[in-house]
Amino acid sequence: MDIVILAVVIAVVVLGALGGLIVGSRRTKQLPPPPPAAPDITAPPAEPHVGDEAETPREEPRRTIEEVDLPDGSAPVVVEEPPAPEIEIPEPTAGRLVRLRARLSRSQNALGKGLLTLLSREHLDEDTWEEIEDTLLTADVGVQPTQELVERLRERVRVLGTRTPEDLRTLLREELITLVGRDMDRAVKTEPEDRKPGIVMVVGVNGTGKTTTTGKLARVLVADGQSVVLGAADTFRAAAADQLQTWGERVGAYTVRGPEGGDPASVAFDAVKEGKEMGANVVLIDTAGRLHTKTGLMDELGKVKRVVEKQAPVDEVLLVLDATTGQNGLVQARVFSEVVDITGIVLTKLDGTAKGGIVVAVQRELGVPVKLIGLGEGADDLAPFEPEAFVDALIGE
């Protein structure tokens, strides 16, 4: 009986264990639960437009493509051309130096008034004459011209005897005009009789105002009724061609230019060729500023002149000198005259110095006249040189 009970208990235990295994295996075979629903994602606010505050963008009306008016191609598209530069009318050259006399006299009176004051002394002893010499030398008249002027003044004062202020002024005026040179040909040669165009080369050291002078000279010629072509042969200085072209555009002059750093002789040649084809009256060639101590650069300047003369002779070679450089300007003038035949001098910055005697010194040094003088920064402040007007400005009224 005990054995039967034990067998029943074992059977119950075995059946219970089998039942647990079956239930557990069913649980492991159940499908996984469905994935949770996707969470709601809120879009970030739109970036604010330029000038808007960082806030929620406002609803704006939008047009569909059907509502947008498209061009039908019947109306031509108008492209506006940039306005042409306004052509200026330069100031007439006749009497220009007379009109600028006040500007010249403000800076030159130290010379004229100083001489008149010394000559007005009751007794003109040796010390006074030495002061007169010093005044002339300080004004860069030069040693030889100074000695000649003082000797003539001594003689005329001795003959004159009594000296009124008006007598002294007349005396000094006559002697200074003689010293400056009344009879020299100061016309800028731009109109050869047998051909067109006239050819003018402008040479000088960098910093003397050479390119500006070339542009102002174009205005002088246009004011006298001549048509001008500019040759920008200064290819080594940055923006030199742009500067010259701007000057030309202001008065309607055409500018021939080449690449920066290009051959200046080629540009000069093309400018003359263009001037012939256009029937221009004058071709102005702005050359590169030369250091007068650099032999190679000076030789190249001679080459420019030789290349130009393969088409036509050069009628004028103008040397631009800074009046404030004094005797150093004479050294520059001497070297330039050895390379190209200088035919005329342009003195710039004469309004800012009391050394007007450089006019006399440079003429003596080169044997060529001063033809133009620059008296300021204005576009029409380049004037033909007139000895009488210049001397009147020196000694005042």
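The values are calculated or read from the model by the stated rules, or taken from the named source; none is laboratory data. Values in this document were obtained by computation on a predicted structure and should not be read as measured data. Here the Cβ is made from the backbone with ideal geometry for all residues, glycine too, and neighbour counts use every protein chain on show. Just the protein is used for accessible areas: all its heavy atoms, side chains included, with ligands, DNA and RNA removed. Shrake-Rupley method; radii C 1.70, N 1.55, O 1.52, S 1.80 Å.
Each other residue within a Cβ distance under 13 Å of Gly262 adds +1 if Lys or Arg and -1 if Asp or Glu, for a net charge of -3. Dimensions of region 116-232 along the principal axes, based on C-alpha atoms and rounded to the nearest Å, stand at 59, 31, 22, largest first. Per residue, region 128-212 exposes an accessible area of 50 Å² to a 1.4 Å probe, with every protein chain left in place.
In a simple Cβ point-charge model (Lys, Arg +1; Asp, Glu -1; nothing else charged), region 129-271 has a dipole of about 380 debye relative to its Cα centre. Once both labels are positioned 7 Å from their Cα atoms along Cα-to-Cβ, the gap between Arg121 and Ala11 label points is 16.5 nm. Were the residues from Arg334 through Gln311 laid out at 0.36 nm apart, the gain over their Cα-Cα distance would be 5.5 nm. Between Lys276 and Glu174, the distance separating the two model label sites (each 7 Å from Cα on the Cα→Cβ line) works out to 5.3 nm. In plain terms, the chain from Asp242 to Asp183 could stretch by 17.4 nm, reckoned as 0.36 nm per residue minus the Cα-Cα distance.
Projected over all directions and averaged, the alpha-carbon convex hull of region 243-365 occupies 8.6 nm². Between Glu133 and Lys113, the distance separating the two model label sites (each 7 Å from Cα on the Cα→Cβ line) works out to 2.7 nm.
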